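Okay, structure first, notes after.
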Amino acid sequence: MRILVLLGAPGAGKGTQAHILARHLGLPRIATGDLFRAAVRAGTPLGLEVKEFMERGEFVPDETTVRMLLERLDAPDASHGAILDGFPRNRAQASALDESLAKRGSRVELALYIAVPEDELLARLSGRWVCQAHGHTYHEVAYPPRVPGVCDVDGSPLVQRDDDRPEVVRARLENQLGGLREVVDYYRPLGILRVIDGRRPIAAVTADLLDAIEPKPYWRA
Ligand code: AMP
């Protein structure tokens, strides 16, 4: 089982890169934020439980989040592993993940941290649009869709997430940067943390990620 964790603040490009890596490596992308949003849309008991946390830009409680993530990891399409996008978000989630993977004789292979400075994150987040069907992400300035308001990949409408409004963006960033630092500090001493410069163009960040995941032999570098 190959578990790769993608880390980054909101707006660091984590979702975009997770989609690309998933295609490239043939692993499912598991995004806790997408799972929660789908549950809210469908009005399931989980959705009702998490709706208010999400609207306020706060974390959903760990117990609920970990339970949902582990259930998702049990699905057949994740039997060879997964790319985790948006989980773990704090130290408690990281160690809960390790414990449950250890029971399956597995562990996190790498934690890939896409690092972007805070002022750039704020600028990026304000122009983000997401496709309703699969969460493909666009940016008004940096990465616009070919047809405004329509997803290039699946043709579904693009929407601005409630939690991408400026006042919520600031709250989310402050809320999440602390947890992100915790998770980075959790993985660093384990020797599985790789820091990628997220200020570069999308393709360059992808190349750096793939190099970190599958380093080229020196004669091809
Ligand atoms: P995201 O799409 O990853 O930005 O997540 C959107 C929202 O879902 C977050 O603001 C949280 O409310 C919730 N969420 C997603 N992942 C987690 C997580 N690992 N732990 C707690 N809450 C989460």
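The values are calculated or read from the model by the stated rules, or taken from the named source; none is laboratory data. Values in this document were obtained by computation on a predicted structure and should not be read as measured data. Here Cβ is always computed from backbone atoms with ideal geometry, including for glycine, and neighbour counts include all displayed protein chains. The area values use the complete protein model at the heavy-atom level, side chains included, leaving out ligands, DNA and RNA. Shrake-Rupley method; radii C 1.70, N 1.55, O 1.52, S 1.80 Å.
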Rounded to the nearest 0.05, what FRET efficiency do Arg67 and Arg146 have when you use their Cβ-Cβ distance and R0 = 35 Å? 0.35
I need the phi-derived Karplus couplings for segment 102-119: 6.51 cos²θ - 1.76 cosθ + 1.60, θ = phi - 60°, integer Hz, Gly and Pro marked x. 4, 4, 8, x, 10, 7, 5, 6, 8, 10, 9, 9, 8, 9, 9, x, 4, 5
Protein chains only, probe 1.4 Å: how do Tyr143, Tyr186 rank by accessible area, largest first? Tyr143, Tyr186
Arrange the residues Asp185, Asp208 by how much accessible surface each exposes, largest first, with a 1.4 angstrom probe. Asp185, Asp208
Need one word for the chain: rounded, prolate or oblate. Basis is the Cα gyration tensor (sqrt eigenvalues a ≥ b ≥ c); a/c below 1.5 gives rounded, then a/b vs b/c decides. rounded
Among 43-51, 193-201, how do they line up by average Cβ neighbours within 10 Å per residue, starting with the highest? 193-201, 43-51
Roughly how many percent of the accessible protein surface of the chain is carbon and sulfur, given a 1.4 Å probe and a whole-percent answer? 55
For the chain, what is the accessible area per residue in Å², given a 1.4 Å probe and the full set of protein chains? 51
Along the Cα-to-C-beta direction of Glu182, a point sits 7 Å from the Cα; which residues of segment 86-111 have their amide N less than 18 Å from that point? 86-100
Packing-based ranking, highest mean first, of 9-21, 149-161, 106-118 given that Cβ atoms within 10 Å are counted: 9-21, 106-118, 149-161
Multiply the residue separation of Leu210 and Glu58 by 0.36 nm, subtract the distance between their alpha-carbon atoms, and state the gained length in nm to one decimal. 51.6 nm
How far is the Cα center of segment 13-27 from the Cα center of segment 178-201, in Å? 17
